[in-house]
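Student: Okay, handing you the structure first.
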Amino acid sequence: MIMGIAILLGPTLASIILTALSGRHGFQSLFSHLFKWRVSLRWYVTALLIAPLSTVAVLGVLSIFSSEFQSNISISSDKIGLLISAIFAVLIVGVFEELGWTGFAVPRFLKNYSILGTGSIIGIIWGAWHFPLFWEANSFTTSLPFFLLLARLFSWLPPYRILMVWVYKNTESLFVTILMHASLVATLMVLDPVIKGATLVIFILARAILLWAIAAVVIVRGRKKA
(Lines give C-alpha, C1' and ligand atoms only; values in the text may rest on other atoms or scores of the structure.)
Protein backbone atom coordinates (compact mmCIF):
# COMPACT_ATOMS: atom_id res chain seq x y z
CA MET A 1 0.00 0.00 0.00
CA ILE A 2 2.85 2.37 0.84
CA MET A 3 4.50 1.69 -2.53
CA GLY A 4 1.17 2.20 -4.29
CA ILE A 5 0.75 5.60 -2.65
CA ALA A 6 4.31 6.53 -3.57
CA ILE A 7 3.73 5.52 -7.20
CA LEU A 8 0.61 7.70 -7.31
CA LEU A 9 2.09 10.74 -5.58
CA GLY A 10 5.52 10.63 -7.20
CA PRO A 11 4.57 12.03 -10.64
CA THR A 12 2.20 14.57 -9.09
CA LEU A 13 4.69 15.94 -6.58
CA ALA A 14 7.44 16.02 -9.22
CA SER A 15 5.13 17.91 -11.57
CA ILE A 16 4.14 20.45 -8.92
CA ILE A 17 7.73 21.09 -7.81
CA LEU A 18 9.17 21.32 -11.33
CA THR A 19 6.26 23.45 -12.56
CA ALA A 20 6.84 25.85 -9.67
CA LEU A 21 10.53 26.06 -10.61
CA SER A 22 9.78 26.62 -14.29
CA GLY A 23 8.43 30.14 -13.81
CA ARG A 24 5.29 32.06 -13.00
CA HIS A 25 3.47 30.91 -16.13
CA GLY A 26 4.00 27.22 -15.38
CA PHE A 27 0.86 26.66 -13.35
CA GLN A 28 -1.18 28.80 -15.70
CA SER A 29 -0.26 26.50 -18.56
CA LEU A 30 -0.84 23.37 -16.48
CA PHE A 31 -4.32 24.43 -15.38
CA SER A 32 -5.31 25.61 -18.85
CA HIS A 33 -4.63 22.11 -20.22
CA LEU A 34 -6.17 20.42 -17.19
CA PHE A 35 -9.50 22.20 -17.60
CA LYS A 36 -9.60 22.12 -21.38
CA TRP A 37 -12.63 19.96 -22.05
CA ARG A 38 -14.04 21.51 -25.20
CA VAL A 39 -12.62 19.15 -27.78
CA SER A 40 -14.18 17.09 -30.53
CA LEU A 41 -16.40 14.23 -29.37
CA ARG A 42 -14.34 11.76 -31.39
CA TRP A 43 -11.37 12.35 -29.10
CA TYR A 44 -13.45 11.51 -26.04
CA VAL A 45 -14.63 8.34 -27.75
CA THR A 46 -11.06 7.47 -28.73
CA ALA A 47 -9.68 8.13 -25.25
CA LEU A 48 -12.36 6.11 -23.50
CA LEU A 49 -12.65 3.13 -25.83
CA ILE A 50 -9.13 2.16 -26.94
CA ALA A 51 -8.35 0.24 -23.74
CA PRO A 52 -11.64 -1.68 -23.30
CA LEU A 53 -12.19 -2.44 -26.98
CA SER A 54 -8.63 -3.69 -27.51
CA THR A 55 -8.93 -5.91 -24.43
CA VAL A 56 -12.31 -7.28 -25.51
CA ALA A 57 -10.89 -8.00 -28.97
CA VAL A 58 -7.93 -9.90 -27.52
CA LEU A 59 -10.15 -11.87 -25.15
CA GLY A 60 -12.54 -12.66 -27.97
CA VAL A 61 -9.81 -14.18 -30.12
CA LEU A 62 -8.01 -16.02 -27.32
CA SER A 63 -11.25 -17.43 -25.88
CA ILE A 64 -11.62 -19.42 -29.10
CA PHE A 65 -8.61 -21.46 -28.02
CA SER A 66 -9.11 -21.56 -24.23
CA SER A 67 -11.97 -20.93 -21.81
CA GLU A 68 -9.48 -19.38 -19.36
CA PHE A 69 -9.61 -16.11 -21.26
CA GLN A 70 -12.70 -14.65 -19.61
CA SER A 71 -13.12 -11.12 -18.34
CA ASN A 72 -12.92 -10.61 -14.61
CA ILE A 73 -16.41 -9.12 -14.42
CA SER A 74 -17.92 -12.16 -16.13
CA ILE A 75 -16.67 -14.59 -13.48
CA SER A 76 -16.70 -12.32 -10.42
CA SER A 77 -19.07 -13.25 -7.60
CA ASP A 78 -19.22 -9.61 -6.49
CA LYS A 79 -19.74 -7.61 -9.67
CA ILE A 80 -21.06 -4.51 -7.89
CA GLY A 81 -18.12 -4.46 -5.50
CA LEU A 82 -15.70 -4.82 -8.41
CA LEU A 83 -17.31 -1.91 -10.26
CA ILE A 84 -17.26 0.29 -7.16
CA SER A 85 -13.58 -0.48 -6.61
CA ALA A 86 -12.86 0.33 -10.25
CA ILE A 87 -14.69 3.68 -10.04
CA PHE A 88 -12.75 4.59 -6.91
CA ALA A 89 -9.45 3.63 -8.52
CA VAL A 90 -9.99 5.52 -11.79
CA LEU A 91 -10.86 8.72 -9.95
CA ILE A 92 -7.52 8.60 -8.14
CA VAL A 93 -4.99 6.96 -10.43
CA GLY A 94 -5.75 8.85 -13.63
CA VAL A 95 -5.57 12.27 -12.02
CA PHE A 96 -2.50 11.76 -9.87
CA GLU A 97 -0.32 10.01 -12.44
CA GLU A 98 -1.19 12.17 -15.42
CA LEU A 99 -0.53 15.42 -13.60
CA GLY A 100 3.07 14.30 -13.80
CA TRP A 101 3.37 12.34 -17.05
CA THR A 102 1.16 14.47 -19.30
CA GLY A 103 0.93 17.57 -17.13
CA PHE A 104 4.68 18.14 -17.14
CA ALA A 105 6.78 15.59 -19.04
CA VAL A 106 4.87 15.09 -22.30
CA PRO A 107 4.60 18.76 -23.40
CA ARG A 108 8.32 19.25 -22.87
CA PHE A 109 9.32 16.08 -24.69
CA LEU A 110 7.08 17.02 -27.63
CA LYS A 111 9.19 20.14 -28.19
CA ASN A 112 12.10 17.96 -29.27
CA TYR A 113 10.62 14.56 -30.13
CA SER A 114 7.83 13.14 -32.26
CA ILE A 115 4.74 11.44 -30.89
CA LEU A 116 6.49 8.09 -31.37
CA GLY A 117 9.67 9.24 -29.65
CA THR A 118 7.89 10.95 -26.78
CA GLY A 119 5.52 8.06 -26.20
CA SER A 120 8.28 5.46 -26.38
CA ILE A 121 10.60 7.24 -23.95
CA ILE A 122 7.93 8.10 -21.41
CA GLY A 123 6.28 4.72 -21.93
CA ILE A 124 9.48 2.91 -20.91
CA ILE A 125 9.91 5.19 -17.89
CA TRP A 126 6.23 4.68 -17.06
CA GLY A 127 6.72 0.92 -17.16
CA ALA A 128 9.83 1.04 -14.98
CA TRP A 129 7.97 3.27 -12.51
CA HIS A 130 5.45 0.45 -11.95
CA PHE A 131 8.14 -2.11 -11.15
CA PRO A 132 7.22 -2.32 -7.41
CA LEU A 133 3.59 -3.13 -8.26
CA PHE A 134 4.38 -5.97 -10.67
CA TRP A 135 7.43 -7.40 -8.92
CA GLU A 136 6.59 -10.70 -7.20
CA ALA A 137 8.58 -12.90 -4.85
CA ASN A 138 9.57 -15.29 -7.67
CA SER A 139 10.16 -12.67 -10.40
CA PHE A 140 13.92 -13.29 -10.43
CA THR A 141 13.95 -17.01 -9.66
CA THR A 142 13.15 -18.61 -13.03
CA SER A 143 12.81 -17.48 -16.63
CA LEU A 144 9.00 -17.49 -16.88
CA PRO A 145 8.32 -15.17 -13.91
CA PHE A 146 11.10 -12.84 -15.07
CA PHE A 147 9.75 -12.74 -18.62
CA LEU A 148 6.28 -12.11 -17.22
CA LEU A 149 7.61 -9.14 -15.25
CA LEU A 150 9.27 -7.68 -18.35
CA ALA A 151 6.12 -8.23 -20.41
CA ARG A 152 3.96 -6.48 -17.82
CA LEU A 153 6.28 -3.48 -17.66
CA PHE A 154 7.48 -2.96 -21.20
CA SER A 155 5.41 -4.83 -23.80
CA TRP A 156 2.15 -2.89 -23.89
CA LEU A 157 2.63 0.21 -21.69
CA PRO A 158 4.84 2.00 -24.29
CA PRO A 159 2.35 1.64 -27.19
CA TYR A 160 -0.52 2.71 -24.97
CA ARG A 161 1.51 5.75 -23.90
CA ILE A 162 2.20 6.53 -27.57
CA LEU A 163 -1.56 6.57 -28.14
CA MET A 164 -2.03 8.80 -25.08
CA VAL A 165 0.58 11.23 -26.42
CA TRP A 166 -1.18 11.17 -29.78
CA VAL A 167 -4.48 12.10 -28.14
CA TYR A 168 -2.82 14.87 -26.13
CA LYS A 169 -0.98 16.22 -29.19
CA ASN A 170 -4.25 16.55 -31.07
CA THR A 171 -6.35 17.92 -28.22
CA GLU A 172 -3.84 19.67 -25.92
CA SER A 173 -6.21 18.50 -23.18
CA LEU A 174 -4.81 17.02 -20.00
CA PHE A 175 -8.41 16.36 -18.98
CA VAL A 176 -9.03 14.01 -21.93
CA THR A 177 -5.70 12.26 -21.32
CA ILE A 178 -6.66 11.68 -17.70
CA LEU A 179 -9.87 10.07 -18.93
CA MET A 180 -7.82 7.81 -21.19
CA HIS A 181 -5.67 6.70 -18.25
CA ALA A 182 -8.80 6.19 -16.14
CA SER A 183 -10.29 4.03 -18.89
CA LEU A 184 -7.15 1.88 -18.84
CA VAL A 185 -7.33 1.40 -15.07
CA ALA A 186 -11.00 0.43 -15.26
CA THR A 187 -10.22 -2.02 -18.05
CA LEU A 188 -7.42 -3.67 -16.10
CA MET A 189 -9.66 -4.14 -13.08
CA VAL A 190 -12.93 -5.08 -14.76
CA LEU A 191 -12.05 -6.78 -18.03
CA ASP A 192 -8.60 -8.33 -17.63
CA PRO A 193 -8.80 -12.09 -17.01
CA VAL A 194 -7.68 -13.57 -13.70
CA ILE A 195 -4.95 -15.87 -15.00
CA LYS A 196 -1.33 -16.72 -14.21
CA GLY A 197 1.89 -18.04 -15.69
CA ALA A 198 2.24 -18.79 -19.39
CA THR A 199 -1.45 -18.09 -20.02
CA LEU A 200 -1.03 -14.58 -18.64
CA VAL A 201 2.08 -14.05 -20.79
CA ILE A 202 0.08 -15.00 -23.89
CA PHE A 203 -2.66 -12.51 -23.00
CA ILE A 204 -0.21 -9.69 -22.28
CA LEU A 205 1.74 -10.23 -25.49
CA ALA A 206 -1.45 -10.46 -27.54
CA ARG A 207 -2.62 -7.12 -26.13
CA ALA A 208 0.82 -5.63 -26.78
CA ILE A 209 0.76 -6.74 -30.43
CA LEU A 210 -2.67 -5.17 -30.95
CA LEU A 211 -1.74 -1.89 -29.24
CA TRP A 212 1.52 -1.66 -31.20
CA ALA A 213 -0.47 -2.26 -34.40
CA ILE A 214 -2.90 0.53 -33.52
CA ALA A 215 -0.02 2.85 -32.64
CA ALA A 216 1.70 2.04 -35.95
CA VAL A 217 -1.45 2.91 -37.89
CA VAL A 218 -1.77 6.19 -36.03
CA ILE A 219 1.88 7.14 -36.63
CA VAL A 220 1.83 6.20 -40.33
CA ARG A 221 -1.41 8.09 -40.96
CA GLY A 222 -0.04 11.10 -39.15
CA ARG A 223 3.08 11.13 -41.31
CA LYS A 224 1.03 10.83 -44.50
CA LYS A 225 -1.09 13.82 -43.49
CA ALA A 226 2.06 15.82 -42.70
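Student: Counting only residues that are in contact (Cβ under 8 Å) with a residue 24 or more places away in the chain and open to solvent by 70 Å² or more (accessible area, probe 1.4 Å), how many does segment 23-35 have?
Tutor: Final tally of qualifying residues: 1.
Student: When Tyr160 is evaluated against the numbered criteria (1) within 19 Å of Trp37 (Cβ to Cβ); (2) hydroxyl-bearing (Ser, Thr, Tyr); (3) crowded, with 23+ Cβ neighbours inside 10 Å, which criterion, by number, is the only one it fails?
Tutor: So the condition that Tyr160 fails would be (1).
Student: So which residues in segment 194-217 are assigned to a helix (DSSP H, G or I) and in contact (Cβ under 8 Å) with a residue 60 or more places away in the chain, if there are any at all?
Tutor: First, pick out the residues of segment 194-217 that are assigned to a helix (DSSP H, G or I): 197-217.
Matches in segment 194-217: Thr199, Ile202, Phe203, Ala206, Arg207, Leu210, Leu211, Ile214, Ala215.
Student: So Arg42 ticks every box in (1) on the phi > 0 side of the Ramachandran plot; (2) assigned to a helix (DSSP H, G or I) but one. Which box is left unticked?
Tutor: Among (1) on the phi > 0 side of the Ramachandran plot; (2) assigned to a helix (DSSP H, G or I), Arg42 violates only (1).
Student: Being in contact (Cβ under 8 Å) with a residue 40 or more places away in the chain, assigned to a helix (DSSP H, G or I), surrounded by fewer than 16 Cβ atoms within 10 Å (Cβ to Cβ) and not small (Gly, Ala, Ser) is the filter here; which residues of segment 50-86 pass it?
Tutor: Val56, Val61, Ile73, Ile75, Leu82, Leu83
Student: Which of the numbered conditions does Pro132 fail, given that it passes all the others? Conditions: (1) under 26 Å from Val217 (Cβ atoms); (2) assigned to a helix (DSSP H, G or I); (3) not basic (Lys, Arg).
Tutor: Looking at each condition in turn, Pro132 falls short on (1).
Student: Identify, please: which residue in segment 139-155 is open to solvent by 10 Å² or more (accessible area, probe 1.4 Å) and part of a loop (DSSP other than H, G, I, E, B) and is, among those, nearest to Arg42 (Cα to Cα)?
Tutor: So the residue we want is Ser155.
The values are calculated or read from the model by the stated rules, or taken from the named source; none is laboratory data. The structure presented is a predicted model; accordingly, all values stated were derived computationally and were not measured. With ideal geometry, Cβ positions are generated from the backbone for all residues, glycine too; neighbour counts draw on all protein chains shown. The protein model used for the area step is the full one, side chains on, heavy atoms only, and it has no ligands, DNA or RNA in it. Shrake-Rupley method; radii C 1.70, N 1.55, O 1.52, S 1.80 Å.
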